[in-house]
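Working notes, structure below.
The values are calculated or read from the model by the stated rules, or taken from the named source; none is laboratory data. A quick note: this is a predicted structure, and the numbers were derived from the prediction, not measured. Backbone-built Cβ (ideal geometry, glycine too); neighbour counts: all protein chains shown.
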Amino acid sequence: MGDSSQPVWPELAAVLDDIASLKLNLDDRLSLQTCWTDLEKGWRVSVERRHTHNAGLGLFAQEKLVKAQILRRHMLGKDLVQFQSKEDRCTFMNRFPSDSQESVCTYIADYTFGLKCGEEGDVFYGLFFPGCGPNHFPQGNSCLQFHYSSDGQIVGIDHVALNEIGSGEEITGDYRPLGEAPTWLVNWHGEYCPKLELTFPGTNHYVS
């Protein structure tokens with residue numbers, strides 16, 4: 001299977017085909033996570049997922065984590081999807097059977113994020129598949145950072161500890177740096193799932 005520095009993960013198309021053929025309910029996030037090992041999903045530390053009393057599924061450390069430690073490495077074309085337009089979203093949705101579209105919409109709304117890249121204000125909009133899991137907390141103890149190739153291209157995103165995290169402690173993240181939702185995402189949201197909340201500030205009840 002490989003070591004923790006070289007996670008084994010099939011091509012994204014194969015992953016999506018597997019999900020579609022198994023007809024899994026994307027609303028069952030815990031079962032979705034168990035379809036692959038944490039090593040296959042790029043995790044470099046031991047974590048546990050369990051339901052919380054007020055925020056759905058939560059992510060918890062199963063070992064002591066140190067500041068700046070890479071917790072998980074997401075790679076483009078493997079467990080990281082980049083969205084640049086409404087059409088990209090529709091392409092992603094169309095990989096799934098028609099009877100699961102409502103679940104796919106909910107998944108997209110729950111897991112889409114933005115991350116500023118460079119000094120020009122450009123933003124990378126993406127989706128983790130399967131999701132990463134940290135719930136929002138203003139003083140989050142983890143964050144996302146770009147992983148670059150040797151020639152400076154974005155090839156992935158690292159999930160990194162901001163400070164020491166104790167074993168059994170929930171791993172959280174501050175959603176406020178996501179910034180504003182892009183216009184194409186707002187338009188997609190209004191057309192496909194206006195009753196759902198996005199993760200961006202001002203589009204939900206938990207991030208202002």
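Yes or no: region 88-110 includes at least one residue that is closer than 29 Å to residue 188 by Cα, exposed (fewer than 13 other Cβ atoms within 10 Å of the Cβ), of a type in the set (S, T, N, Q) and touching a strand residue (DSSP E or B) at 6+ places or on another chain (Cβ under 8 Å). There is no residue in region 88-110 that is closer than 29 Å to residue 188 by Cα, exposed (fewer than 13 other Cβ atoms within 10 Å of the Cβ), of a type in the set (S, T, N, Q) and touching a strand residue (DSSP E or B) at 6+ places or on another chain (Cβ under 8 Å).
Among residues of region 142-188 being assigned to a helix (DSSP H, G or I) and within 15 Å of residue 82 (Cα to Cα), the one that is nearest to the chain's Cα centre (by Cα) is 178. Return a yes/no flag: does region 60-72 have any residue that is touching a helix residue (DSSP H, G or I) at 6+ places or on another chain (Cβ under 9 Å), at pLDDT 85 or above and not charged (D, E, K, R). Taking every residue of region 60-72 in turn, none turns out to be touching a helix residue (DSSP H, G or I) at 6+ places or on another chain (Cβ under 9 Å), at pLDDT 85 or above and not charged (D, E, K, R).
Given the structure, is residue 148 surrounded by fewer than 16 Cβ atoms within 10 Å (Cβ to Cβ), touching a strand residue (DSSP E or B) at 6+ places or on another chain (Cβ under 7 Å), on the phi < 0 side of the Ramachandran plot and hydroxyl-bearing (Ser, Thr, Tyr)? Yes: the conditions hold for residue 148. Considering the conditions (1) part of a strand (DSSP E or B); (2) within 28 Å of residue 191 (Cα to Cα); (3) free of Cβ contacts under 8 Å to residues at least 60 places away in the same chain, residue 50 is excluded by exactly one of them, (2). Scanning region 200-207 turns up at least one residue that is in contact with a Leu (Cβ under 8 Å, 6 or more places away or on another chain), within 23 Å of residue 56 (Cα to Cα) and free of Cβ contacts under 8 Å to residues at least 24 places away in the same chain. Is it the case that region 81-93 has a residue that's more than 26 Å from residue 183 (Cβ to Cβ) and either of a type outside the set (Lys, Arg) or free of Cβ contacts under 8 Å to residues at least 24 places away in the same chain (or both)? No, region 81-93 contains no residue that is more than 26 Å from residue 183 (Cβ to Cβ) and either of a type outside the set (Lys, Arg) or free of Cβ contacts under 8 Å to residues at least 24 places away in the same chain (or both). Check 126, 173, 131, 156 and return the single one that is out of contact with any strand residue (DSSP E or B) (no Cβ under 8 Å at 6 or more places or on another chain), surrounded by 15 or more Cβ atoms within 10 Å (Cβ to Cβ) and under 22 Å from residue 38 (Cβ atoms). Only one candidate qualifies: 131.
In region 179-208, what residues are among the polar types (S, T, N, Q) and within 22 Å of residue 134 (Cβ to Cβ)? Selection gives 199, 203, 204, 208.
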